[in-house]
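The values are calculated or read from the model by the stated rules, or taken from the named source; none is laboratory data. Model, not experiment: these values are computed from the prediction. Every residue, glycine among them, receives a Cβ derived from its backbone with ideal geometry; neighbour counts consider all protein chains shown.
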Amino acid sequence: AQSVTQLDSHVSVSEGTPVLLRCNYSSSYSPSLFWYVQHPNKGLQLLLKYTSAATLVKGINGFEAEFKKSETSFHLTKPSAHMSDAAEYFCVVSDRGSSASKIIFGSGTRLSIRP
Amino acid sequence: GAVVSQHPSRVICKSGTSVKIECRSLDFQATTMFWYRQFPKKSLMLMATSNEGSKATYEQGVEKDKFLINHASLTLSTLTVTSAHPEDSSFYICSASGHSLGNIQYFGAGTRLSVL
C-alpha cells in the first residue's frame, strides 16, 4: 500500500530565506514522486517529479527536491523564498507499476511568506 | 507542457438542477482522466478514474448515479452532477494523463460549484 505524509500543515518563512517542505512516503514498489503547487482557487501545477533517474530533481521557479530512499523522504526546498511562492503544496506518490497512474496525495502544506 | 482545460471555472445553480463540467486535453491524447473533489483547506479526494471508451471506475463512497462521468474521446471527459444539492457545493478538479507523457497527471484549473 502507498501513502504519503506531509509533516507540516503550515510553514511560514520570511522573504529571501530558505524554504523546506517535508514529505515522507511509503510504497511497496519503486515509486514516482511529485510535488504540485496550488494557488488559491486554482488547479494544480506540477513543480517537479522523480521517476528513478537522478535523485536530486530540479523543478520550476527555483524549487528542487531530493529523493532519499534510506529515509523514505522527498523534501522540497528553495534557497530563497519569494512572495509569489505563497500557496498550498502537495506531495504525491504514484506506483510506477500501475498503468492507470493512480496517485495518492499528501494532506498539503500551506506556505506563507512574510515580507 | 501538457495543457488541460476545464470549463466552467465557476458555476452557481439552484438545488435540483444538473451541472456539467468539461475537461479537455488540448495538446495530447488523454488515455486516462481523473476527477477529484476538494473541500476547503483539504487535500484532493479522487472520485473516479475514466479511460476513453470505457465506463468510469468510482472510488468507494462516490455515487455513480449522482456523478455521471463520460469519457467519449481521447481529449474530452465530462462530469455531470445530477440533481445538485447544497452539500454538492465544492471545488472539482480534473486531471488527464497519456502514454506519450509518461502517465504523469496534468490538472485543469478547477470548477467552483455553488448550489443554492
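The table that follows gives values for the structure above.
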| item | result |
| --- | --- |
| Residue in segment B:8-16 that is among the β-branched types (Val, Ile, Thr), over 15 Å from the mean Cα position of the chain (by Cα) and assigned to a strand (DSSP E or B) present | yes |
| Extreme residue, surrounded by the most Cβ atoms within 10 Å (Cβ to Cβ), among residues of segment B:26-46 that are more than 24 Å from B:Ser114 (Cβ to Cβ) and not charged (D, E, K, R) | B:Ala30 |
| Yes/no for A:Glu66 being of a type in the set (D, E, K, R) and closer than 20 Å to B:Ile104 by Cα | yes |
| Per-region count, segment A:31-60, residues within 14 Å of chain B (Cβ to nearest Cβ) and either aliphatic (A, V, I, L, M) or over 12 Å from A:Leu76 (Cα atoms) (or both) | 20 |
| Unmet criterion (only one of (1) over 30 Å from B:Arg10 (Cα atoms); (2) modelled with pLDDT of 95 or more; (3) not in a loop (DSSP other than H, G, I, E, B)) for A:Trp35 | (1) |
| Positions within segment B:31-46 being in contact with a Ser or Thr (Cβ under 6 Å, 6 or more places away or on another chain) and either facing chain A (nearest Cβ under 9 Å) or of a type in the set (A, V, I, L, M) (or both), in sequence order | B:Thr32, B:Met33, B:Phe34, B:Ser43 |
| Those strands (runs of 3 or more DSSP E) lying entirely in segment A:38-115 with at least 2 residues aromatic (Phe, Trp, Tyr) | A:87-95 |
| Test: residue in segment A:4-17 that is touching a strand residue (DSSP E or B) at 6+ places or on another chain (Cβ under 7 Å), within 11 Å of chain B (Cβ to nearest Cβ), in contact (Cβ under 8 Å) with a residue 40 or more places away in the chain and surrounded by 19 or more Cβ atoms within 10 Å (Cβ to Cβ) | yes |
| Residue among B:Gly102, B:Gly108 that alone is under 18 Å from B:Val3 (Cα atoms) and without any contact (Cβ under 8 Å) to a residue 24 or more places away in the chain | B:Gly102 |
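So that you can scan it fast, the table gives a plain yes or no per residue for (1) away from chain A (no Cβ under 14 Å); (2) crowded, with 23+ Cβ neighbours inside 10 Å:
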| residue | (1), (2) |
| --- | --- |
| B:Ala48 | no, no |
| B:Glu52 | no, no |
| B:Gln60 | no, no |
| B:His71 | no, yes |
| B:Ala84 | yes, no |
| B:Ile93 | no, yes |
| B:Ser100 | no, no |
| B:Gly108 | no, yes |
| B:Val115 | yes, no |
